[in-house]
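Remarks on the structure that follows.
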Amino acid sequence: MILEETIVAISTPIGEGAIAIVRISGPRAIALADKLFLGKVSLSAVPSHSLHHGKIVNPKTGALIDEVLVSVMKAPNTYTAEDMVEINCHGSILITRNILELVLDIGARLATPGEFTRRAFLNGRIDLAEAEAVIDVIRSKADLSLKVALDQLKGDLSGNFAEIRRNIIQALSVVEAGLDFSDQVSDIDACDEVLQPLKKAEKIITRLLCGSRIGQQLREGFVVVIVGRTNVGKSSLFNALLQTNRAIVTDIPGTTRDSISEQIELAGIPVRLVDTAGFHASSGIVEKEGIKRTRQQIESADLLLLMLDGSDALRKEDRCLLRETEKHSRLLVINKIDLPNLLDIGRLRGLPVPQKKIRTSAKRGDGIGDLAKIIRETMLNGQGPDVSEPIVTRVRHQQALKTTLRDIRRARRKVKRGGEEELLAVDLQEALSTLGQITGETCNEEILEHIFSQFCVGK
């Protein structure tokens, strides 16, 4: 499928830089670029996937716009599977905008967000799951997240979806043959021929769903919340893990009155790190609101870093916080080891203390590297996901797989009972339809609009 309109957009971030790229795609891409390009040869005559030096000029006035390098790529072996041209110009906002306006003036249309990738999908070069992986690659915040996204982009996850689909189709073909030729098909043979491919499909789906929770967190980031009473060094630890002075740090208790967060890479995994207001008895409206927000952050956390002050005795607020957070995943951080130790560990007996403990000096940086490693191990259950296998990272995929699995299991029960071939066929057709929503075979326009609206204009 080749779309009729030729589209154009700036593909590089807006702002000053060494190079900027204006991308054109569609049936007239090369012809339109040729109207603006002044070089040794006509772009219409050059081979595909070739690079040409020249100038972009205003076709009406002959005014020089910029000295450029132009990439010419001919269908179908391009990103969109259409003819494409990329004009590499100097990274000036003015120059880039002028080239874009010239291409629009001579007949192109401004691309909508994600339209280049959407055309790649509509033209059959990638499926919808691979298209979603494009945005995940762009937004990856950690090495492990990037690897998972790149594997999805090259089709590893889609290969599993295709295998599930083949098995369902194999089972459905036997069922439909039994409906059409019931006098020629043995019930015993047909039963086994339906059950075996469905068992294979169920096995693949179950494996994908087992890793989907961590997969989702790898894409969105693990939420790690720092909690403790006032002046235990929460903001200092926050800054130490960020390796920058993001939070204000003073010796005055209660300096942090609201939660602040940053997305970072920590020991190779994406983490949304949250610094919170300290727990303390207060009658002030602002302090009470800060503590209320701290409790909200605790409820949304994947891991709590529960901090105690190693240079001070255990206080009532510490005990209350240990009890209040007992049911949450926690790591005990005893801070300020650069100061004389006044914390009596014996006082912790009888309290719900986290099993994992670490001593740190957020001020000097002692123990911060080890803390990052423990956070990674805790979030990845000690070993981490098997990234050699495809991982489901999106809730949309997870929900569709759960529905597909439900239909497959319902179909298997009907096979064992027997005599429900027509209803069995309906279950398998529904399973195929739901699975097709992941890869785009049965996806509606509303879902497509939602997915591609998340892209930038030039992608």
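Residue count for the range 73-96, restricted to those that are assigned to a helix (DSSP H, G or I) and free of Cβ contacts under 8 Å to residues at least 60 places away in the same chain: 1. Scanning the range 291-327 for residues being among the small types (Gly, Ala, Ser) and buried (at least 19 other Cβ atoms within 10 Å of the Cβ) gives a total of 2.
Go through the range 42-57 and give me each residue that's in contact (Cβ under 8 Å) with a residue 24 or more places away in the chain and among the hydroxyl-bearing types (Ser, Thr, Tyr). Within the range 42-57, 48 is the sole residue that qualifies. The set of residues in the range 403-441 being among the charged types (D, E, K, R) and within 19 Å of residue 218 (Cβ to Cβ) is empty.
The rows are residues; the columns are (1) in a helix (DSSP H, G or I); (2) in contact with a Lys or Arg (Cβ under 7 Å, 6 or more places away or on another chain); (3) in the same structural domain as residue 206 (by TED's automatic domain parsing).
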site	(1), (2), (3)
136	yes, yes, yes
141	no, no, yes
144	yes, no, yes
148	yes, no, yes
151	yes, no, yes
159	yes, no, yes
163	yes, no, yes
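Across the range 66-105, the qualifying residues are those that are small (Gly, Ala, Ser) and within 22 Å of residue 14 (Cα to Cα), and the one among them that is surrounded by the fewest Cβ atoms within 10 Å (Cβ to Cβ) is 92. Out of the residues in the range 123-161 that are within 16 Å of residue 216 (Cβ to Cβ) and of a type in the set (Lys, Arg), which is modelled with the lowest pLDDT? For the range 123-161, the residue satisfying everything is 141. Kindly indicate the residue of the range 257-288 that is at pLDDT below 70 and β-branched (Val, Ile, Thr) and also nearest to residue 218 (Cα to Cα) among those meeting that condition. Here the residue is 286. Residues in the range 137-158 that are among the β-branched types (Val, Ile, Thr) and buried (at least 19 other Cβ atoms within 10 Å of the Cβ): 148 alone.
For the range 22-63, the set of residues classified as of a type in the set (D, E, K, R), at pLDDT 95 or above and either farther than 19 Å from residue 108 by Cβ or in contact with a His (Cβ under 9 Å, 6 or more places away or on another chain) (or both) consists of 55 only. When the range 369-380 is limited to residues that are closer than 10 Å to residue 266 by Cβ and crowded, with 17+ Cβ neighbours inside 10 Å, the one that is modelled with the lowest pLDDT turns out to be 379. Considering (1) farther than 28 Å from residue 452 by Cα; (2) surrounded by fewer than 13 Cβ atoms within 10 Å (Cβ to Cβ); (3) in contact (Cβ under 8 Å) with a residue 40 or more places away in the chain; (4) not hydrophobic (A, V, I, L, M, F, W, C), the lone condition that residue 60 does not fulfil carries the number (3).
The values are calculated or read from the model by the stated rules, or taken from the named source; none is laboratory data. None of the values given here were measured: they were computed from a predicted structure. Using ideal geometry, Cβ is built from the backbone for each residue, glycine included, and neighbour counts are taken over all protein chains shown.
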